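Data block below; observations after.
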Amino acid sequence: MAKLPIYDRSGSQVGDYEIDPAALAPSINKQLLHDVVVMYQANARQGSSKTKTRAEVAGSTAKMYRQKGTGNARAGSRRSGIRRGGGHIHAIQPRDYSYRLNRKAIRAATRMAIASKIVDEQVVVIDELVFDQPATKEMAAILKALKLSGASTLVTTAEHDANVHKSARNIQKVSVSPVSDLNALAVLSPRRMLVTKAALDVIKERSAAAAS
């Protein structure tokens, strides 16, 4: 059982939050985490790279000169891949790199990623994170009070909050995600996690539902 200190916006401890990483993930499967992270990275690839074959480059297809009698090596079209300006012999074509793993495996990897952050003491809990309107300066002050300034940080809320998102989007190395959008790559990429108490409650509820 891990006991995480709960802080307020000024950085003062106001309580503790008990959570069992083993309840989220009984064990950390590094191979599964790797497979899921690679899947997300592959799905993000643009896949638009392309080069031209000899059929696509500009130029005549006529034989450059007669076969015999010139003293030159035999040659056909000037589009040949062995000639300057010719097409690529094995030209790169646009392709879709995306694929999907089993849904249960993906969700298990997300829970493992969160559990590993808790075990590594990289999770900071805040009692609440509410803004009446977008306020980047206020968000930066909160991160500074919690000693998260300059560190890559994932801010996690219980549900989508436009004001929190807009307050953090212009701060370098800071990203925002509601619990419903968490995945292994999003959790493992930043060094730290700033999680609201309500978000941890939702994470615990979802983990309990998955275990039952």
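Readers should treat all values here as calculations from the given coordinates under stated rules, not as data from a laboratory. Note that the structure is a prediction, hence the values are computed from the model and not measured. Heads up, the Cβs are rebuilt from the backbone with ideal geometry, glycines too, and the neighbour counts pull from every protein chain shown.
With +1 assigned to the C-beta of every Lys and Arg and -1 to the C-beta of every Asp and Glu, and no other charges, what is the dipole magnitude of the chain about the Cα centre in debye, to the nearest 20?
Using only the charged Cβ atoms, the result is roughly 2600 debye.
Show which aspartates and glutamates lie in cross-link reach of residue 3 when reach means a straight Cα distance below 17 angstrom and same-chain residues fewer than eight apart are skipped.
Candidates past the 8-residue exclusion: 16, 18, 20, 120, 121, 127, 201.
Give me the log10 of I(q) over I(0) for the stretch 50-93 at q = 0.18, 0.24, 0.30, 0.33 Å⁻¹, as the Debye formula computes it from C-alpha points; what are the numbers?
Reported log10 I(q)/I(0), two decimals: -0.52, -0.78, -1.02, -1.14.
Angle, helix 197-211 long axis vs. longest principal axis of the chain, Cα atoms, 0 to 90°, nearest 10?
Helix 197-211 sits roughly 70 degrees off the main axis of the chain.
If neighbour count is taken as other Cβ atoms inside 10 Å, put 65, 40, 7 in order from fewest to most.
65, 40, 7
Among the lysines, select those whose C-alpha is under 21 Å from the C-alpha of residue 144, and discard any that sit fewer than 8 residues away in the same chain.
Reachable lysines: 117, 166, 173, 197.
On the Cα set of the stretch 52-160, report Rg and Dmax in Å, please.
Spelled out, the Cα radius of gyration and Dmax of the stretch 52-160 are 30.4, 88 Å.
Grab the eigenvalues of the alpha-carbon gyration tensor for the stretch 106-207, scale each by 5, take roots, and send me the semi-axes largest first in whole angstrom.
21, 15, 12
Can you find, among 97, 176, 210, the residue sitting farthest towards the positive end of the charge dipole of the chain, where Lys and Arg contribute +1 and Asp and Glu -1 at Cβ?
The residue sitting most towards the positive pole is 97.
Just name one of 155, 69, 25: the one whose Cα is farthest towards the positive end of the charge dipole of the chain (beta-carbon charges, Lys/Arg +1, Asp/Glu -1).
Value: 69.
Could you line up 152, 80, 12 from fewest to most neighbouring Cβ atoms inside 10 Å?
12, 152, 80
For the chain, modelled as a GNM with alpha-carbon contacts under 10 angstrom, which of 52, 63, 166 fluctuates the most?
Among 52, 63, 166, the largest GNM mean-square fluctuation belongs to 63.
No solvent, one uniform scatterer per C-alpha: report log10 I(q)/I(0) for the chain via the Debye equation at q = 0.15, 0.16 1/Å, two decimals.
Evaluating at q = 0.15, 0.16 Å⁻¹ gives log10 I(q)/I(0) of -0.95, -1.05.
Can you tell me the length gained on complete extension of the stretch residue 1 to residue 162, counting 0.36 nm per residue apart and subtracting the Cα distance?
54.7 nm
Can you say what percent of the DSSP beta bridges in the chain, counting only those with both residues inside, are antiparallel? Round to 5.
Expressed as a percentage, antiparallel bridges in the chain total about 30.
With runs of 4+ DSSP H residues as the only contributors, calculate the mean residue ellipticity of the chain at 222 nm using -39,500 (n - 2.57) per run, divided by the residue total and rounded to the nearest 500. Present the calculation step by step, with values, prior to reporting the outcome.
On the way: 7 runs with 72 residues, N = 212.
Calculated at 222 nm, the ellipticity per residue is -10000 deg cm²/dmol.
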